[in-house]
Structures are given as C-alpha cells and as structure tokens.
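Derivation of every value follows stated rules applied to the coordinates shown; laboratory data play no part. The shown structure was predicted, so the numbers you read here are calculated from the model rather than taken from an experiment. Glycine also receives a Cβ, built like all others from the backbone with ideal geometry; neighbour counts cover every protein chain displayed.
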Amino acid sequence: MNIYVRKNSVDLFKYLSKEEIEDLNFNIERIEVNSNCRIEILKDSVYIIKKGLVTISLEEDKKEVMTLSEGEIFGEESVFENETFLSYFSETSVDLERISLNLSILEESNSMNSKINAALNDSLVEKLIRINEIKKRGC
C-alpha cells in the first residue's frame with residue numbers, strides 16, 4: 001500500500017481564464033462518507049479529499065492499487081474516459097469536495113478540455129514522482 005502526503009493545492013482550473021471558468025458552469029458540493037464505504041463516482045464529477053483516506057482497488061479482482069490522502073484528486077477517469085475499472089472505498093471517515101463539470105461544454109471546447117486535463121496531469125505527475133521515491137527508498 002502506498003500512502004504519501006501531497007500539498008492541498010489541487011487547482012483543477014488553474015490554466016483556465018476567468019471567462020472560461022465562468023462559462024464552465026461547475027458546481028462544488030461537500031460530501032461526508034463513513035469509513036469502510038464504497039464511494040459512488042458520478043460520470044460528471046471529480047473528487048478532492050479534504051480529510052481522510054480513500055483506497056483505490058481494481059473492480060475485477062478487488063486488488064488494492066493505492067491509498068490516497070488529503071489533497072488527492074480522484075474520479076477523473078469517469079469524466080474523460082468511457083469506462084473505469086477502479087473502485088473507491090473510504091478507509092476512514094472522509095470529507096470530500098465533489099466538483100461537477102458540465103460535460104457538454106467540455107465536449108464543445110477542446111481548449112478548456114485540454115487545460116483541465118493539463119491540471120489533472122500535473123496532479124498525476126506528483127503522484128508518480130512520490131511513488132517512485134518511495135520505491136527507491138524501499139518503503
């Protein structure tokens with residue numbers, strides 16, 4: 001199991017202009033999940049962990065992939081891909097921020113879609129760097 005700490009600075013819209021952010025018409029909702037519960041991922045949403053731990057596992061064999069902590073983002077594959085093969089479970093009580101995106105606007109604007117993908121990629125690169133550092137140390 002990989003647990004690593006990240007900066008609580010996920011900014012999904014950091015590459016968008018003010019006008020693009022206004023046009024995106026997104027909604028942010030706070031969600032509380034009890035420990036040991038499956039987290040249902042909505043097709044139009046990404047989730048940021050504000051407090052707690054979330055375990056990601058493969059749906060097919062329930063094999064644990066990794067554990068995410070405060071500041072981590074997940075569920076992005078449900079926005080940008082047709083299918084997901086991952087399941088999410090609350091390891092502890094979890095406070096989440098669910099960001100609902102207007103997918104029709106993203107489908108119409110390659111520019112906005114690319115900018116949000118770039119912000120997500122920044123987040124994923126930080127994860128990969130930390131995982132590799134953990135592996136090098138033999139933890």
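Before moving on, here are some points about what is shown:
- Hypothetical label at Leu124: residues of region 70-97 whose amide nitrogen lies under 17 Å (7 Å Cα-Cβ projection): 72-87
- The loop-placed GluC sites (Glu not before Pro) in region 10-40, going by DSSP, that have at most 11 neighbouring Cβ atoms within 10 Å of their Cβ come out as Glu40.
- Rounded if a/c under 1.5, otherwise prolate or oblate - region 17-67, Cα gyration tensor axes: prolate
- Calculated FRET value between Lys50 and Phe13, using beta carbons and R₀ = 22 Å, to 0.05: 0.80
- Each label point was placed 7 Å from the Cα along the Cα-to-Cβ direction; for Ile31 and Ser100 their separation is 1.1 nm.
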